[in-house]
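**Q** Have a look at this one.
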Amino acid sequence: MSVLRSVVTGVGGYLPETVVTNDDLSKIVDTNDAWIQERTGIRSRHRASEDQAVSDLAVEAAKKALAAAGRSAADVDLIVLATTTPDLTFPATAAIVQRKLGCPVGVAFDVQAVCSGFVYALTVADGFVARGHSKCALVIGAETMTRLMDWTDRGTCVLFGDGAGAVVLEPGEGQGTTADRGLLGFALRCDGTKQDLLYVDGGPSTTGTVGKLRMLGNQVFKHAVINISEAITAAANHAGVTIADIDWFIPHQANQRILHGVAHRLGLDESKVIQTVAHHANTSAASVPLAWAEGVSDGRIKKGDLLLIEAMGGGLTWGACVVRL
Ligand code: UT7
């Protein structure tokens, strides 16, 4: 049976130039390199310069993804951009990226699911591509999380960084089997009752301010491993594959201990886990596509590989996708 699939034909990532080490942070807040490394695995993170908006980061990642796919901005008819740090309250950052890239009139909008944003956005774009409504879609995760930090709160400000990652999705004919290239299955979740564990304390319709990130880290941690594992199992079932079939696990890069915990719980070999948290920290919606881009550019991830991506963040939201590259 012939089916239309959304195939990832290009991946790209962008990290701003400025690198902030744990030692740099220990000069502004009561922390130290040993604590941060031991509890999170993070050694450094990137920070956008003052004149860089999140759309600028997104544009750089998108250009790389388009080049990898052999496409140009003129081909793009859909942009779905996941961010929790938009340039403006409106228009959507996706619309700004469309203008900056010079794409023709098409569909462009943002998805807000915080750290799970890219996983959500990929499934939303799949709804267009696999139904024949888009021939060339950009799915972008881009964040300037450092702009949401309370630099007096050592429990959060050491954890996040800035960056962007993007993939190009194009329609491809499949046979309706797990050998098809494309998005094969997914599972998305949100539990709004857990809002107070991770949120930003400002917004246009409440305080009229942007606000700062607040997190009860150890409580989020407790939910993370269990929730993520459940969504991964559901996504694998939806795709009709088993965890043993997975070639590469590309998790949300929030904390090395969560990453290890999930891999262990699922019986996933550590050598199959793409890990960038040490040098990227938590880049929220950008984290999965950035790690994906790194795995492709260093030659580990190859065409035909079966990938498992997952993320969890504010909402609480979480989810996973199974993709054959
Ligand atoms: O992407 C969205 C999802 N987010 C996450 O997945 C984050 C999940 N949570 C975590 O990764 C971890 O909970 C943290 C890394 C945030 C914290 O690690 P923890 O092992 O849960 O530490 P804790 O919050 O229980 O704090 C332990 C101690 C506290 O001191 P006392 O009360 O025991 O004296 C904290 O004040 O560590 C202290 N502490 C720090 N010490 C040095 C907290 N932050 C720091 C710091 N440097 N930066």
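**Q** Residues of region 247-265 being in contact with a strand residue (DSSP E or B) (Cβ under 9 Å, 6 or more places away or on another chain), surrounded by fewer than 18 Cβ atoms within 10 Å (Cβ to Cβ) and without any contact (Cβ under 8 Å) to a residue 60 or more places away in the chain, which ones? Step through it out loud before you land on a result.
**A** So in region 247-265, the residues in contact with a strand residue (DSSP E or B) (Cβ under 9 Å, 6 or more places away or on another chain) come out as 247-255, 258-260, 262-263.
The next check asks that each one be surrounded by fewer than 18 Cβ atoms within 10 Å (Cβ to Cβ); those that pass are 247, 260.
Across region 247-265, the qualifying residue is only His260.
**Q** In addition: Scan region 186-206 and tell me whether some residue there is more than 23 Å from the chain's Cα centre (by Cα) and assigned to a strand (DSSP E or B).
**A** Looking for residues that are more than 23 Å from the chain's Cα centre (by Cα) and assigned to a strand (DSSP E or B), one finds none in region 186-206, hence no.
**Q** Tally time: how many residues in region 1-37 are under 18 Å from Gln256 (Cβ atoms) and at pLDDT below 95?
**A** Total satisfying the criteria: 0.
**Q** Quick one: how many residues across region 265-297 are more than 23 Å from Val114 (Cβ to Cβ) and among the β-branched types (Val, Ile, Thr)?
**A** Matching residues across region 265-297 total 1.
**Q** For region 303-318, give me the residue count where each residue is more than 13 Å from the ligand (Cβ to nearest atom) and either touching a Phe, Trp or Tyr at 6+ places or on another chain (Cβ under 9 Å) or open to solvent by less than 10 Å² (accessible area, probe 1.4 Å) (or both).
**A** In the first step, residues of region 303-318 are kept if they are more than 13 Å from the ligand (Cβ to nearest atom); the result is 303-309.
From what's left, either touching a Phe, Trp or Tyr at 6+ places or on another chain (Cβ under 9 Å) or open to solvent by less than 10 Å² (accessible area, probe 1.4 Å) (or both): 305-309.
Summing the residues that are more than 13 Å from the ligand (Cβ to nearest atom) and either touching a Phe, Trp or Tyr at 6+ places or on another chain (Cβ under 9 Å) or open to solvent by less than 10 Å² (accessible area, probe 1.4 Å) (or both) in region 303-318 gives 5.
**Q** Determine which member of the set Ala235, Ala244 is more than 16 Å from the ligand (Cβ to nearest atom), within 19 Å of Val8 (Cβ to Cβ) and either modelled with pLDDT of 95 or more or out of contact with any Asp or Glu (no Cβ under 6 Å at 6 or more places or on another chain) (or both).
**A** Numbers: Ala244 fails: within 19 Å of Val8 (Cβ to Cβ).
Of the residues listed, the single one that is more than 16 Å from the ligand (Cβ to nearest atom), within 19 Å of Val8 (Cβ to Cβ) and either modelled with pLDDT of 95 or more or out of contact with any Asp or Glu (no Cβ under 6 Å at 6 or more places or on another chain) (or both) is Ala235.
**Q** With respect to Thr206, is the statement that it is more than 27 Å from Ala125 (Cβ to Cβ) and loosely packed, with under 14 Cβ neighbours inside 10 Å true? Show your work before the answer.
**A** Values: more than 27 Å from Ala125 (Cβ to Cβ): yes; loosely packed, with under 14 Cβ neighbours inside 10 Å: yes.
In short, yes.
**Q** Only one of these conditions is not met by Phe109: (1) among the hydrophobic types (A, V, I, L, M, F, W, C); (2) open to solvent by less than 30 Å² (accessible area, probe 1.4 Å); (3) within 21 Å of Glu60 (Cβ to Cβ). Which number is it?
**A** Only one criterion is unmet by Phe109, namely (2).
**Q** Okay, next question. So which residues in region 253-270 are within 11 Å of the ligand (Cβ to nearest atom), assigned to a loop (DSSP other than H, G, I, E, B) and not hydrophobic (A, V, I, L, M, F, W, C)?
**A** Gln253, Asn255
**Q** In addition: Among the listed residues Leu184, Leu216, Leu197, identify the single one that is farther than 20 Å from Ala286 by Cα, open to solvent by 70 Å² or more (accessible area, probe 1.4 Å) and of a type in the set (A, V, I, L, M). Even if it seems obvious, please write down each step before you answer.
**A** Working: Leu184 fails: open to solvent by 70 Å² or more (accessible area, probe 1.4 Å); Leu197 fails: open to solvent by 70 Å² or more (accessible area, probe 1.4 Å).
Matching residue, one of Leu184, Leu216, Leu197: Leu216.
**Q** I've got another one for you. Out of the residues in region 271-290 meeting the condition of being under 19 Å from Ala320 (Cβ atoms) and open to solvent by 30 Å² or more (accessible area, probe 1.4 Å), tell me which one is farthest from the ligand (Cβ to nearest atom).
**A** Per the stated criteria, the residue is Lys272.
**Q** Take Ala293 and tell me if it is away from the ligand (no atom under 15 Å from the Cβ) and over 19 Å from Gly161 (Cβ atoms).
**A** On the way: away from the ligand (no atom under 15 Å from the Cβ): yes; over 19 Å from Gly161 (Cβ atoms): no.
When the stated conditions are applied, Ala293 does not pass them.
**Q** Another question about this same structure. Against the definition (touching a residue at least 24 places away in the same chain (Cβ under 8 Å), over 28 Å from Lys194 (Cα atoms) and β-branched (Val, Ile, Thr)), how does Val76 come out, yes or no? Let's see the steps before the verdict.
**A** Numbers: touching a residue at least 24 places away in the same chain (Cβ under 8 Å): yes; over 28 Å from Lys194 (Cα atoms): yes; β-branched (Val, Ile, Thr): yes.
So Val76 fits the description; yes.
**Q** Restricting to region 14-33, name every residue that is within 21 Å of Asp298 (Cα to Cα) and open to solvent by 20 Å² or more (accessible area, probe 1.4 Å). Quick ask: steps written out before the conclusion?
**A** Narrowing region 14-33 to residues within 21 Å of Asp298 (Cα to Cα): 14-17, 19.
Selection gives Tyr14, Leu15, Glu17, Val19.
**Q** If you don't mind, another one. If Trp151 satisfies every condition in (1) open to solvent by 70 Å² or more (accessible area, probe 1.4 Å); (2) assigned to a strand (DSSP E or B); (3) touching a helix residue (DSSP H, G or I) at 6+ places or on another chain (Cβ under 6 Å); (4) over 18 Å from Thr317 (Cα atoms) but one, which is the exception?
**A** (2) is the only condition that Trp151 fails.
**Q** On to the next question. Of the conditions (1) assigned to a loop (DSSP other than H, G, I, E, B); (2) touching an Asp or Glu at 6+ places or on another chain (Cβ under 6 Å); (3) open to solvent by 60 Å² or more (accessible area, probe 1.4 Å), Gly211 satisfies every one except a single condition; which number is it?
**A** (3)
The values are calculated or read from the model by the stated rules, or taken from the named source; none is laboratory data. Only a predicted model underlies this, so the values are computations on that prediction, with no experimental measurement involved. Glycine gets a Cβ as well: all are built from the backbone with ideal geometry, and neighbour counts include every protein chain shown. Heavy atoms of the whole protein, side chains included, go into the accessibility calculation; ligands, DNA and RNA do not. Shrake-Rupley method; radii C 1.70, N 1.55, O 1.52, S 1.80 Å.
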